[in-house]
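Read the structure below first, then the notes.
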Amino acid sequence: MIRCSERIERWAGMLLCAGITCALSGCRHRANLPPLPQILAPVELVEVPEPDLPLIPPARINMPPTPIAASATHPHRERRRPVVKAAVTPPASSETDPEAAETAAIGALSTGGDSSPRSQQEAAEMIASIEKRLNGLGAMISEDQKAQISKVRNFQKQAQDALSSGDVEGAKTLATKAKLLLDDIEK
């Protein structure tokens, strides 16, 4: 049971809170301000005299044309120029060794790498598998992964270009790089 003194304390506390609330809320009546008196005396208008000194015309500045937003929507890509391979020229100095002279006239001989149809097929299959895996990635990809996917697509495109130009080993190397980055993304 609640004692009488506790009831009185409760009522006093509620009354105090209600009083503070009313005091802090302020008055809601609008203050009526007296209207301003009307001007009865006429006022003279002042005229601004023309300047005596001649004004200097502003300097003319040639600005570039204003860019148009419509042209920015379709940026023009630069076309790749075909790589021009430099021809090997023999040195102008006369050499006494006949084998060295013959090697210099022919150019440095290389094995040419493994450019068999089988290795070309393997490189093409690697590039196709990377494309298939990229297309299979889900739509829920974070911003960090989008940057990685962009790198993978870049390596894949370079690998395809290398394969088209006949550089099978370069295509395999680039496809392997793309595959390793894609493996890291899928983890």
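The values are calculated or read from the model by the stated rules, or taken from the named source; none is laboratory data. Note that the structure is a prediction, hence the values are computed from the model and not measured. Virtual Cβ from ideal backbone geometry, glycine too; neighbours counted across all protein chains shown.
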- Message: Is it the case, given these coordinates, that ALA105 is among the small types (Gly, Ala, Ser), at pLDDT 80 or above and in a helix (DSSP H, G or I)?
- Response: no
- Can you tell me which residue in the stretch 136-159 is surrounded by the most Cβ atoms within 10 Å (Cβ to Cβ), limited to those that are closer than 24 Å to GLN120 by Cβ and of a type in the set (D, E, K, R)? ARG153
- Query: Quick check, is ARG30 basic (Lys, Arg), at negative phi, part of a loop (DSSP other than H, G, I, E, B) and at pLDDT 70 or above?
  - Reply: yes
- Query: Since ALA162 meets every condition but one in (1) closer than 18 Å to LYS132 by Cβ; (2) surrounded by 17 or more Cβ atoms within 10 Å (Cβ to Cβ), which condition does it not meet?
  - Reply: (1)
